[in-house]
Amino acid sequence: MSGKPILWIIIPCYNEEEVLPITAPQFLQKVLDLAGAGLISDRSRVCFVNDGSRDRTWELICQFARQDEHFIGISQSRNRGHQNAVLAGLMEARDKCDITISIDCDGQDDINAMDEMVQQYLDGAEVVYGVRSRRDTDTFFKRFTAEGFYHLMNLLGADIVFNHADYRLISARVLESFADYHEVNIFLRGMVPLVGFPSTTVAYERHERLAGESHYPLSKMLSLAFDGITSLSNKPIRLITGAGMLFSIVSFIGVIWAVVMGLMGSTVAGWASTVCIVCLMGGIQLICLGVIGEYIGKIYMETKARPRYIISERTWEPYERKYHG
Ligand code: UDP
Ligand code: MG
C-alpha cells in the first residue's frame, strides 16, 4: 500500500443534539492532528450515522458536512439500535477507506486513544480493541452489572474481550471478510473476534457523558446481554440438556425410593413434597422452553433475512423529490 491510510471514524448518533456540537469539533481536531502528524491521509473522514433520531441530530450532521469536508454522514431510515447503526457505518466505509474506528458520540471514550490505535495498525494489527482501564466514573451499579456481563458472556460461551465495548479500530481488509457474516442478530463485539486477523488492545479511560442522557438503561443492557449470548453460542441449550439429565437421574432414584417405601408400607401423606416437586419441575421446564424458544425466534428472524440497515440519505447525496426540480 502506498501513501497514508485513509481513516473513517464511525459515530452512531441517536437523539444527540445536545452533545454533538461539543464532540464533533473534537473528532475533527483529532483527524486533523493525526493527518498533521503524518499518520493518516488528509482524505480521512468523520462519518456520523444518524440512527433515526427524532430531534435535530440529522440537521446538525448536514450542517457540519457543509462546514467542513471532513464531516460526512449517513442516515438510517428509522431507529434500529446502536449495533445496526455501527454496522451500517462500517459497511458504508469498507470500500472507501483503509481503516475505521467506531466510537460513541458522547465523549465517554477517550479520543486520544486513537493515536495509539492507528500506530498499532501501522505496526501490523488489523483489529485494535479499545479496553477501559478504569471505571471510576461509572456508578457502582453500572460497574457491577457491566463487569458481571463480561464474565457471564464468557462463561456461556461468547468469547468477548474483557471491558471492551464498541470503541475499536478495524481495517478495511477485515471488514471485507466481515461482510460475509450475513446474520441478522448482530453483536459486534462478539463477532469481530470470530473473523480473526492479528489483533491487539489499547487501554483508555472512560469519562462521563459530556451532555444528554444514556440510551442504555438496565433493560436494554439485559437484552443486549441475552442477545449476545444466544447469537453467539449454543451453550445454554447444552446446559439445559445437562440439567435435564441430572434431574432425570435424581427422579429415577426418587421413584425407586418411593416404590421401596411403598412396598415396605411406610408411606406417609406426602402432599407437601409432591407439590414442591411439581412446582419446581414445572418452573424449570418453562425456563428451558423459554431459552429454546429464544433460539427458535433467532432462527425465525435469520430465515427472513431482512436488511440489517436501510440508509435513507447521505450528506453527499441528499434525497430530493423529483418534482422539486
Ligand atoms: N445509539 C444509537 N442508537 C440507539 C441508542 C444509542 O445509535 O438506539 C448511540 C448513541 O447515540 C451513542 C452510542 O450509541 O453514540 C452509545 O449510547 P449511550 O451513550 O446512550 O450508551 P451508554 O454509553 O450509556 O452505554
Ligand atoms: Mg455513552
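Coordinate-derived values only; no laboratory data. Model, not experiment: these values are computed from the prediction. Please note: Cβ atoms are built from the backbone with ideal geometry, for glycine as well, and neighbour counts cover all protein chains shown.
Under 16 Å from a label point set 7 Å out along the Cα-to-Cβ vector of LEU122, the amide N atoms of the range 20-44 belong to 30-44.
Look at the dipole of the chain built from charges on Cβ: of VAL128, PHE252, SER41, the Cα furthest out on the positive end belongs to PHE252. Ranked by how many other Cβ atoms sit within 10 Å of their own Cβ, fewest first, the residues LYS30, LYS322 fall in the order LYS322, LYS30.
Between PHE71 and VAL46, the built amide H atoms are under 5 Å apart, and every one of these is 5 or more places off in sequence or on another chain.
Grab the beta carbon distance between ASP68 and ASP33, set R0 = 22 Å, and tell me the FRET efficiency rounded to 0.05. Show your work: numbers first, answer last.
Values: r = 14 Å, r/R0 = 0.65.
That gives a FRET efficiency of 0.95.
Taking the Cα of ARG306, stepping 7 Å toward and past its beta carbon, and measuring to each backbone N in the range 170-193: which are under 19 Å? Only 182-188 pass the distance filter.
For a quick check of your reading of the filter: which GluC sites (Glu not before Pro) in the range 223-325 sit in a DSSP loop and have no more than 13 other Cβ atoms within 10 Å?
Details: sites: GLU294, GLU302, GLU313, GLU320; in loops: GLU320.
Sites meeting the loop and neighbour criteria: GLU320.
By count of other Cβ within 10 Å, fewest leading, how are CYS97, CYS279, CYS13 ordered?
Fewest to most other Cβ atoms nearby, the residues stand as CYS279, CYS97, CYS13.
At a Förster radius of 30 Å, what calculated FRET efficiency corresponds to the Cβ-Cβ distance of VAL259 and PHE140, to the nearest 0.05? That gives a FRET efficiency of 0.05. Within the shell of other residues whose beta carbon sits under 9 angstrom from the beta carbon of GLY81, the net charge comes to +1, with Lys and Arg scored +1 and Asp and Glu -1. Relative to one another, the C-alpha centroids of the range 7-64 and the range 253-325 are positioned 41 Å apart. Phi angles across the range 79-91 convert, under the Karplus curve 6.51 cos²θ - 1.76 cosθ + 1.60 with θ = phi - 60°, into 3J(HN,Hα) values of 6, 10, x, 4, 4, 5, 5, 4, 4, 4, x, 5, 5 Hz, Gly and Pro given as x. Structural descriptor for the chain: relative contact order 21 percent, calculated from alpha carbon pairs under 8 angstrom and at least 6 residues apart. Legend: calculated FRET efficiency, ASP180 to ARG54, from the Cβ-Cβ distance at R0 = 25 Å, rounded to 0.05, equals 0.15.
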